[in-house]
Amino acid sequence: MLIYLHGFNSSPGSHKAQVLKRYMEERDLGDQYCCPALPHEPKRAIAVVEAEIAKHPRDAITLIGSSLGGFYSTYLAERHDLRAILINPAVCPHEDLRAYLGVQRNLHTGRQYELTEEHLRQWEKLYLPTVRPQRYLLLVETGDEVLDYRAAVEKYEGARQIVIEGGDHSLASFPEHIPLILDFAGLARA
């Protein structure tokens, strides 16, 4: 089971989530993919994913997280002993998202909410200073205009890392990495 965790102000309707879903469905792997809608509150987002994790055998689960979803994937992978694929992950959202305090709008649903200091405190509680790198595949592009890719490269030192020159925060090269993603997750089919 591949559980996709979308990023900040995103949804299961995000481009990467939809590309991956279609790719898996075209290969009769659609029943091994899910992308829950994550609430903007960190505690609730974690609870949603943990409920999904509880539905499947742990050794069959791989998390895949983009941006803030990568941060959540890290926390959950360490907590539940899971593999995780990280796409331009947020490393310290409790610091990096401070500049966004105030009214936010989900890019896909249009739903508004206020990003508060409480969000930052909850993210800080989820922050893990160290990780077991062998459980991760890191995909970053050096042209990420939102997050400094070097922070992820440093945090996940020792993990399998794919660093692509150029690109952007959306990981423009995402579709070409899907076979590697499925292989890492143990879902590749001939």
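Considering only residues that are within 17 Å of the chain's Cα centre (by Cα) and not aliphatic (A, V, I, L, M), look in the stretch 135-144 and name the one that is nearest to Gly7 (Cα to Cα).
So the first thing to find is which residues in the stretch 135-144 are within 17 Å of the chain's Cα centre (by Cα), and the list is 135-141, 144.
Next, from what is left, pick out any that are not aliphatic (A, V, I, L, M): 135-136, 141, 144.
On the way: Arg135: 20, Tyr136: 18, Glu141: 16, Asp144: 14 Å.
Applying the filter and picking the extreme gives Asp144.
Every residue in the stretch 46-92 that is β-branched (Val, Ile, Thr) and in contact (Cβ under 8 Å) with a residue 40 or more places away in the chain, please. Show your work before the answer.
Here is the first cut: in the stretch 46-92, the residues β-branched (Val, Ile, Thr) are 46, 48-49, 53, 61-62, 64, 74, 85, 87, 91.
Passing the criteria: Ile46, Val49, Ile53, Ile61, Thr62, Ile64, Thr74, Ile85, Ile87, Val91.
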Revision key, fill the gap. Of Glu41, Glu114, Glu25, the only residue that is charged (D, E, K, R) and under 18 Å from the mean Cα position of the chain (by Cα) is Glu41
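In the stretch 117-150, which residue that is part of a helix (DSSP H, G or I) and among the acidic types (Asp, Glu) is surrounded by the fewest Cβ atoms within 10 Å (Cβ to Cβ)?
Kept after step one, since they are part of a helix (DSSP H, G or I), are these residues of the stretch 117-150: 117-126, 133-135, 149-150.
When the remaining residues are screened for being among the acidic types (Asp, Glu), the result is 117-118, 124.
Working: Glu117: 10, Glu118: 12, Glu124: 13.
By that ranking, first place goes to Glu117.
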Review point. Does Gly13 satisfy the criteria of being within 23 Å of Leu138 (Cα to Cα) and buried (at least 20 other Cβ atoms within 10 Å of the Cβ)?
Key: no
Practice item. Quick one: count up the residues across the stretch 157-186 that are surrounded by 13 or more Cβ atoms within 10 Å (Cβ to Cβ), in contact with a helix residue (DSSP H, G or I) (Cβ under 6 Å, 6 or more places away or on another chain) and not in a helix (DSSP H, G or I). Key: 1
Check your understanding: Which members of the stretch 39-59 meet the condition of being open to solvent by 40 Å² or more (accessible area, probe 1.4 Å) and assigned to a helix (DSSP H, G or I)?
Key -> Lys43, Arg44, Ala47, Val48, Glu50, Ala51, Arg58, Asp59
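With the condition kept exactly as written, say whether any residue in the stretch 99-106 is touching a Gly at 6+ places or on another chain (Cβ under 6 Å), open to solvent by 40 Å² or more (accessible area, probe 1.4 Å), at pLDDT below 95 and on the phi < 0 side of the Ramachandran plot. Steps first, answer last, please.
To start, the set of residues in the stretch 99-106 that are touching a Gly at 6+ places or on another chain (Cβ under 6 Å) comprises none.
Scanning the stretch 99-106, I find no residue that is touching a Gly at 6+ places or on another chain (Cβ under 6 Å), open to solvent by 40 Å² or more (accessible area, probe 1.4 Å), at pLDDT below 95 and on the phi < 0 side of the Ramachandran plot, so the answer is no.
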Exercise for review: Tell me, please, whether a residue that is farther than 17 Å from Leu182 by Cα, small (Gly, Ala, Ser) and at pLDDT below 95 can be found in the stretch 71-94.
Suggested key: no
Study note, to complete from the structure: Within the stretch 60-70, residues being open to solvent by 10 Å² or more (accessible area, probe 1.4 Å) and either under 13 Å from Met1 (Cα atoms) or modelled with pLDDT under 95 (or both) number 1
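The values are calculated or read from the model by the stated rules, or taken from the named source; none is laboratory data. No experiment lies behind these values; they were computed from the predicted model shown. For neighbour counting, all protein chains shown are included, and Cβ atoms are generated from backbone atoms with ideal geometry for every residue, glycine included. For accessibility, only protein heavy atoms count, side chains too; no ligands or nucleic acids. Shrake-Rupley method; radii C 1.70, N 1.55, O 1.52, S 1.80 Å.
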